[in-house]
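These notes concern the structure reproduced below.
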Amino acid sequence: MSSENRLRRKTKHLCCRLAVEGLEERCLLSYTITDVGTFPGYTFSTATGVNASGQAVGYDFTSNLSSARAYLYDSGALTDLGSLGGDHAYAEGINDLGQVAGFSQLPGDTVSHAFRYDAGTLTDLAPFGGNSYAYAINQNGDVAAYAAANGGDHAVLWQGTSMTDLGTLGGSTSYGQAINDRGIVVGLSYLPGDAVFHAFIAWRGRMADLGTLPGAANSWAYGVNNLGQVVGFSGNNLNDYHAFLWDRVNGMQDLGTLGGVRSYANAINDAGQVVGYSALPNGIQDAFLEDGGVLTDLNDLLPPDSGWNVYQAAGINNAGQIVGEGFHDGAQHGYVLTPGPGPASVPLFQPASLISAPASAGTLMVVGAPDGTLDQLDGREPSPLLVSIQLRPTPLVQTTPAAPAASAVPLAHEPGGGLEGAGDSIGIAAALDAPDQLVSLKDPRAG
């Protein structure tokens, strides 16, 4: 293993001890990882969705890609969901009842149909139609998909055996990609002329254009939660797409990258945690978790001896379990990540009179970096000591270069930001070479 990789494994636990005005709290942000494995005779696997019980779905491939089998993973066991007669079947989404949406080739392997799997039965959702593909299913069993309809491929909603054409934003093609429990469907649609495509949100017969990131021509919505927050990606071509988060208040926001030129967001849970994948500065692709404005490489949150490199995160449930795809000791397999203790949030200062003072530009005294620097990880710029700062209820994200021990690090703030009560807190995540390094924080307003 290279020295860079040894360092990376050494610092996978983003862990520190915090001493804030005499209050110490140990913080850990880490996951355990489970290999979903493969069926006998199959070489590759990927996981695409996960429900509240931790059941996962996905599919396996043979080494020559001549066959794909849809699976349901539950407590260490893989169940073959079968097919509609063809050699390739793909499970894409699962709800809390264990119902699964996906698609399968028909006999002859020239046409694919969307399916719903329920209690051992695989049902063809479009037995008399052309190609159709299902990607998500909500708690009501409603399925988001796209199918040949009205002269082109259109986003559709299946409720029971009834299919509704969701239309387009004026172009000839649209794709339904995700659905929440209210029946809101998101995906992409081409605009008139079919030169560019935009993310859409559709509900009760109406389809709305979510627009794009500034300077971008295209966008694609890939996930939606029960609050109506939407994630996906936007850009001009495959080399510059950026993951986005959209909501009704703030519109489309760029989630950034892990230092590379592109990123893609695939799913969001009801806590607003987003998963996807991003390029690193060296072009390699890694899976990410975005939480509270901070984009984190999931590989940095795995046990040091896991043997994994995860490069795709496809789904996340409300418990924070994540599924996707990675390399495990050289094999390409699907995985389930289960979170351990979350990062600690501790009161910033006491008494309340200090906390209620308006936040202003100031300094945090950062003491204890072993040699005044933090080592470089994965070819990126030197890791910042303070990875994220979040003031509640006003979010603030601050990333600062590593600073010499006992030096002052500027603390920026958003206009109008402030601490508003004794219950407000500040969350700190530190990437230290020594996991038990003591970090002392001092507010200049406290004297």
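Coordinate-derived values only; no laboratory data. Small disclaimer: the values here were computed from a predicted structure and weren't measured. A quick note on method: Cβ atoms are made from the backbone with ideal geometry, for glycine too, and the neighbour counts reach across all protein chains shown.
Quick one: Phe103, Phe115, Phe61, fewest Cβ neighbours within 10 Å first, how do they rank?
Starting with the residue having the fewest Cβ neighbours, the order is Phe61, Phe103, Phe115.
Determine the sum of side-chain charges near Asn226: Lys and Arg each +1, Asp and Glu each -1, restricted to other residues whose C-beta is under 11 angstrom from that of Asn226.
Here the count lands on -1.
Count the net charge of all other residues whose Cβ sits under 10 Å from the Cβ of Leu289, scoring Lys and Arg as +1 and Asp and Glu as -1.
Details: positive: none; negative: Glu290, Asp291, Asp297, Asp300.
Neighbour charge sum, excluding Leu289 itself: -4.
Where does region 31-339 land on Rg(C-alpha)/(2.2 N^0.38 Å)?
The value comes to 0.94.
Add +1 for every Lys or Arg and -1 for every Asp or Glu among the other residues with Cβ under 12 Å from the Cβ of Phe39, and state the total. Please list the in-between numbers first.
Values: positive: Arg69; negative: Asp60, Asp80.
Once all neighbours under 12 Å are counted, the net charge is -1.
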